[in-house]
Every structure is written in structure tokens, then in C-alpha cells.
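Just so you know, all these numbers are worked out from the coordinates, no wet-lab data involved. These figures come from a predicted structure and were not determined experimentally. So basically every Cβ, Gly included, is an ideal-geometry build from the backbone, and we count neighbours across all protein chains shown.
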Amino acid sequence: MVKLPFVDGLTQMILNEKVAGKIVEIGVDRIYPNPNQPRWYFNENELKELTNSIHINGMIQPITVRRLDIGYEIVTGERRYRAAKLCGYEVVLCIIIETNERNSTIMASVKNLQRKDLHFFEEAEAICNMISYFGITQEEAAQRLGKSQSAIANKLRLLNFSKKERRIITEYGFTERHARALLKVEDENLRAELIDEIYAGKLNVEGTEKLIELAIGKHEEMKRISRCRGAYRDIKLFLNTIDHAVEVMQAAGINAEVRKNKEKEYTEYIVRIPNVKTAAH
């Protein structure tokens, strides 16, 4: 096995790949991004820095690609490819490897999962892809990646957010702890409101958790009230409840009085209950 200069031992061990050729130059118009690339968010500032570095120093590290009928598909190194294009490169340095789509996806996933700058949503998607393509359990994925099973489970829970929510949370710069707190909110409409409120208030994680706790409590109370409205649409039920309460007080020796003023548009109830000292006399 020939060890690629930028593909680590774990990746090679998983795929058992061999290099198909030496470093070659390939035209950028013949290279295509990997549709299963786990990284879908590229930080603009970091990409600019890499572009400036390549512009000054050249493209030192090649990208890996695999052959397609119409050209080549990127396996690893899409950031370098994008930066080279921004520099105006017409050709880029590549190492061609012989691999299929499945293994290409696995290689891209494992390589990216070992990077520290991978966004938590991208990491969750990469783990999900890895489990799907390998056909392994969460426990096995945890062993391969050197993580605990609970850590893998927590990452995968982040995929409960819709793609739109993930995009907004990413653009707003929320941390993973912000996102995990938001998962407690099951109602999507409420969650959308809270996401905007957290961003507008620039809330930290503690402030976010408090806001969510209050919002969930209020939301549950409104749901309870709504259920009551549906169950008690007949106003007579409420009026009978008032009458019954007065009757109970009177039966207990409290000189309670009720006065009803029935108007055209409403009924006014005035309930007089003596203070404790008055009632004792």
C-alpha cells in the first residue's frame, strides 16, 4: 500500500486503497465536487485566507480525485480546489485514486471528521453517512472514530433540525450547545421564533436555556387553555360553576351573595364574600 502524503492511516486502513498514479495536473473544468461531501458550509474568511496563501505560495498540497466518465470527482481537498479556482488556476495538482462512489464518500467523511474545524451539523451528517454507507451501528461508528456512543447519539440528534433550520442556525453562528437547547422545543413554529429571538438578543447558552424554558412553559399553558376552550364552548357551564361555588360557600356558613346583571351583550356577575371577621359575627 502506498501511503498518500495527506490521507491518514485510519482512512487507508478502512478503505485499503492504492494510489493509481503520481501527482498530475488536471484542468479545473474537468473536476467536479463530490455530491456526498460532508462539508457544505465553507467559511468565507478562511477560504479567502487559503486563496491568498495559494496565490503567494502556490498549491503545495494536491487534492485527491477519482475517475468519472465525464472527468474527475473530488475525494478530498475541495477547499483547496475552490481556493485554486478563485486564484484563477486553470489546472490543479491531483492524485488519482481508484475507488467507487461508496468508498469515496467514506473517505471524505472520515477525513473531514478528523478535522477540528468541521461544523457540528456537518459532523452529524458525516457520521450519519458513514453509518449508512458502512451499514454499521452507532456503537461501531463510535469505536471507529474514537468517540463515546453517547457523543455519537447526541451528534445524530442534531439532524432532527430541518435543512432550513440548520442553515439559519449556521448563519447565525450558534454553538452546538445553543442547538441542543433548541432541540427541547418540539413545535417548529415556536422554534423558528426562538431562533430569531436568540440571535436578535445575542443570548449566550445560559440565556438561551432560560428563554427556552420560559417559552416551553408558556406554550404548554396556552395549549392547555386552548384545549379547555374546545371542551367548554357553552358559557352556561362556566356560569353554573360560579353558582355552585357560591352555594358551597353558603352551605359552609359563609354569607356569600351573588348578583347577576344580564345585559344584551354580556352578563355581569358580582359576588360578595364577607371578610373573615365579618363572617365570624
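Over the range 111-197, the hull volume per residue, using the convex hull of the C-alpha atoms, is 99 Å³. Taking other Cβ atoms within 10 Å as a rough exposure proxy, ARG167, ARG272 sort from fewest to most as ARG272, ARG167. Provide the net charge surrounding VAL92, with neighbours chosen by a C-beta distance below 13 Å and charges set as Lys +1, Arg +1, Asp -1, Glu -1. Within the 13 Å Cβ shell, the charges total +1. Using the Cβ of ARG272 as centre and a radius below 9 Å, the other residues enclosed give a net charge of 0, where K and R count +1 and D and E count -1. Starting from the Cα gyration tensor of the range 235-280, take the square roots of the eigenvalues, sort them a ≥ b ≥ c, and report rounded, prolate or oblate (rounded when a/c is under 1.5, otherwise prolate if a/b is larger than b/c, else oblate). Verdict is oblate for the range 235-280.
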